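Beneath this line is the structure, given in structure tokens, with notes to follow.
The values are calculated or read from the model by the stated rules, or taken from the named source; none is laboratory data. In this text the structure is predicted, and so the values were computed from the model without any measurement. Remember, those area values only see protein heavy atoms, side chains included, never the ligands or the DNA or RNA. Shrake-Rupley method; radii C 1.70, N 1.55, O 1.52, S 1.80 Å.
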Amino acid sequence: MAYCDTHVERVLIDQKTLTDRVGQLGAEISRDYQETNLFVVGVLKGAMIFLADLTRCIDLPLSFDFVAVSSYGAGTSSSGAVRILKDLDVSVEGRHVLLVEDIVDSGLTLSYLRGLLLGRKPASLRVCTLLDKPSRRRVPVHLDYRGFEIPDAFVVGYGLDYNEQYRHLPYIAVLRPEVYRS
């Protein structure tokens, strides 16, 4: 991926470390939801790769659906206004729901989604995020499963993007500021 080499400042989390941690999260979730039919809700588009890898590591019967929200647009920080772009296709009422996020920074999107899903009366609701950036938190949120805590840097790869690019990278990388400030 030579073209990315000029855009990436550094690799923050390499592919093997990601794979290992996703496997650990899958094992934790499998233990916590024993004898449960799990319903996994992925937040598009960023969580799609993480969700695919994570669900393959969960040793339980499960189904999943996706919700798409927008709070960034083409920028690098949340606007604070969350919009639903795609809602769930099925009801979560009475189901054990695991909400899967790619990254939690301000907490605004997660807070909004938790409220939305809790209003739909699931049997339980837990949150799993690949990346947690607590230094950017604007509202408190509870995370049940967290892959990695990261510093306040603009990251791409493994589903995370800048302007719809870099999602396909098999690692998490810090994007060079001149790429997104130009």
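Given H placed on each backbone N at 1.01 Å, which residues far from TYR171 in sequence or on other chains put an amide H within less than 5 Å of it?
TYR158
If you take every DSSP beta bridge whose two residues both sit in the chain, what share of them, in percent to the nearest 5, is antiparallel?
Percentage antiparallel, nearest 5: 30.
Which value in deg cm²/dmol, rounded to the nearest 500, describes the helix-derived mean residue ellipticity at 222 nm for the chain, given -39,500 (n - 2.57) per DSSP H run of n ≥ 4 and division by the residue count?
It lands at -7000 deg cm²/dmol.
Non-local amide H neighbours of PHE64 (under 5 Å, H modeled in plane, Pro and chain starts lacking H): which ones?
Amide H to amide H, under 5 Å and 5 or more residues apart or across chains, PHE64 pairs with VAL40.
Probe of 1.4 angstrom, ligands and nucleic acids ignored: what's the accessible area per residue over the chain, in square angstrom?
48
Using amide H atoms built 1.01 Å from N in the peptide plane, name the residues 5+ places from LEU131, or on other chains, whose amide H lies under 5 Å from its own.
Long-range HN contacts for LEU131: ILE103, VAL104, GLY147, PHE148.
Pop out the ³J(HN,Hα) list for region 141-154 in order, Karplus 6.51 cos²θ - 1.76 cosθ + 1.60 with θ = phi - 60°, rounded to Hz; leave Gly and Pro as x.
Per-residue couplings from phi come out as 9, 9, 10, 7, 9, 9, x, 8, 8, 10, x, 6, 9, 7 Hz.
What relative contact order, as a whole-number percentage, does the chain give when Cα pairs under 8 Å and 6 or more residues apart are counted?
Here the relative contact order equals 25 percent.
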